[in-house]
Amino acid sequence: MASLSVKPGQRFTVPDWQNNSLLISADAEQQRYNSHHIRQEGRALRNETGNQARWDEHNSRTHLKDRITSVDRWREALARCLTDIDLEIDALTKVKEAAENAIQAKNLCLDVAIECLTFRESRRDIDVVRDPVEEELLREVKVIEKTKKELQQRVDDAFKQLCLLKEARQQLSCDHRHKVEALELDRQCVSFNPTSGNISFKVNPTRIPQGTTALCEWEMNSQCNKEHAEAEMKASVDLRGAITLTIAQTNNELDAQRIATEFALRKRMREIEGALSELRWQEQNTLEEIAEMEEEIRKLEEDIRKRTLDLKVAHTRLETRTYRPHIELCRDQAQYGLTDEVQQLEGTIRALQQKRTESQDALDALYRQLHRIQTDIGYKTNSLQLDNKCMDTRKKLVVPVEKYDPEVDAVNRTRNLPRNSQLEV
């Protein structure tokens, strides 16, 4: 009789088949839910980061435009000041030339008066008298010489003021040129966009370049240059009208500024000395802490070495006990004790190694901090030395102006006047 062949293999029940289908369906639902959730998070992240990037770029562009406006305003102010100082230099030069022409005119008057006196020396006998004419001629010579001296003094003052004006103009021109260059760079920065062809990644773009100044220093520099030029122009206008300031008043004013500067310099030197004292105290404490930390690391390494030897002993005991014969190879209390000892020693060694790593990191941080402290000490020591040099250099300001007698050039009829620093004394 023929029999039905049964295919060998595992047979599942209908409930198993139904559960498998339900499981596949539930897994698919869960995966679709997870995928939808991730897509929603990705979309939210893209929106958030895109908005943040656009806002940051808009904020940076706004700051650049504000900076351009500020720099351009200063550029225009400096340009106007340059125009004014050029006009004042031309006007003062013409006044100086007029004074020199007046001196030349007085030379003719002097020559005539001397010639008249010479003629009168040819008188003979009783006519050689000191009459009113001779007295008037002699008085005329004295008046002319006095007038020439006053005019020459005014010419010298005009020459000195021209030097000061040109120095102020040089500072203004340099500041103006720097601001024009800065404007070109900032406008170029504003023109950059993601499609620009000349954009690229830079090495450490967020670094603070050497020589960077604060915004208040930048504005104070331009303000000081402008105020300095305006002050010199006002002094030039006053000089063209009439020179009323005396050398004593100028000396008093500059002495006051010198005293104020030296007072500020001494105060700064005291601050640096105080900072140096604090840094040296920190250096000493850091060195002591480094020594203690190195000793602690040495002790940790010694403990690790000891615990490692203990672990070797426990491992050796366990391995040796595995050679016990037949029924003697049992899990007795000694076996449990050795196993616990191994686990405890391994945990102890890990903890000691972790603590040694933390201690080494702390030691490295201490060494970095020590290097930073010592570097700062070097900086401040250098600053203190420079300030001491400044104090030594400022001793030159006490040299009287009278020692710098101008030398007259007989060919060009000009004077080799002292430098500006000597004139300020």
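Which pairs turn up if I take residues in the range 189-201 that are closer than 19 Å to residue 62 by Cα and look for partners that are surrounded by 10 or more Cβ atoms within 10 Å (Cβ to Cβ) with beta carbon separation below 8 Å, at least 6 apart in sequence or on another chain? Here the result reads 189/64; 190/61; 190/64; 190/65; 190/68; 192/199, each pair linking the range 189-201 to a residue that is surrounded by 10 or more Cβ atoms within 10 Å (Cβ to Cβ). The residues on offer are 80, 32, 46, 75, and the sole one that is outside the structural domain of residue 222 (by the TED database) and over 16 Å from residue 190 (Cα atoms) is 32. Within the range 307-351, the set of residues being hydrophobic (A, V, I, L, M, F, W, C), over 29 Å from residue 297 (Cα atoms) and either open to solvent by 40 Å² or more (accessible area, probe 1.4 Å) or modelled with pLDDT under 80 (or both) comprises 327, 329, 330, 334.
Flag set for residue 355, criterion: assigned by the TED database to the domain that holds residue 312, modelled with pLDDT of 50 or more and either surrounded by 15 or more Cβ atoms within 10 Å (Cβ to Cβ) or touching a strand residue (DSSP E or B) at 6+ places or on another chain (Cβ under 7 Å) (or both).
When the criteria are applied in full, residue 156 fails the requirement of being in contact (Cβ under 8 Å) with a residue 24 or more places away in the chain, in a helix (DSSP H, G or I) and either among the small types (Gly, Ala, Ser) or farther than 18 Å from residue 89 by Cα (or both). Taking into account only those residues within the range 172-187 that are hydrophobic (A, V, I, L, M, F, W, C) and within 16 Å of residue 67 (Cα to Cα), which is least open to solvent (accessible area, probe 1.4 Å)? So, considering only residues that are hydrophobic (A, V, I, L, M, F, W, C) and within 16 Å of residue 67 (Cα to Cα), the one least open to solvent (accessible area, probe 1.4 Å) is 183. Residue count for the range 80-102, restricted to those that are closer than 30 Å to residue 218 by Cβ and open to solvent by less than 30 Å² (accessible area, probe 1.4 Å): 5. Criterion applied to 141, 155, 190 was being at pLDDT below 75 and open to solvent by less than 80 Å² (accessible area, probe 1.4 Å), and the one residue passing it is 141. Here residue 369 meets the list (1) at pLDDT 85 or above; (2) touching a Leu at 6+ places or on another chain (Cβ under 9 Å) almost entirely, failing just condition (2). As an exercise: evaluate residue 167 against (1) more than 20 Å from residue 95 (Cα to Cα); (2) modelled with pLDDT of 75 or more; (3) surrounded by 14 or more Cβ atoms within 10 Å (Cβ to Cβ) and give the number of the one condition it does not meet. Going through (1) more than 20 Å from residue 95 (Cα to Cα); (2) modelled with pLDDT of 75 or more; (3) surrounded by 14 or more Cβ atoms within 10 Å (Cβ to Cβ) one by one, residue 167 breaks only (1). Tell me, yes or no, whether the range 50-72 has at least one residue that is out of contact with any Pro (no Cβ under 8 Å at 6 or more places or on another chain), farther than 30 Å from residue 190 by Cα and open to solvent by less than 60 Å² (accessible area, probe 1.4 Å). No, there is no match, as no residue in the range 50-72 is out of contact with any Pro (no Cβ under 8 Å at 6 or more places or on another chain), farther than 30 Å from residue 190 by Cα and open to solvent by less than 60 Å² (accessible area, probe 1.4 Å).
The sole residue among 232, 227 that is open to solvent by 70 Å² or more (accessible area, probe 1.4 Å), modelled with pLDDT of 85 or more and within 29 Å of residue 171 (Cβ to Cβ) is 227.
The values are calculated or read from the model by the stated rules, or taken from the named source; none is laboratory data. Because the structure is predicted, anything quoted here is derived from the model rather than measured. Quick reminder, even Gly has a Cβ in these numbers, built from the backbone with ideal geometry, and neighbours come from all protein chains shown. These accessible areas exclude ligands, DNA and RNA; they are computed on the full protein's heavy atoms, side chains included. Shrake-Rupley method; radii C 1.70, N 1.55, O 1.52, S 1.80 Å.
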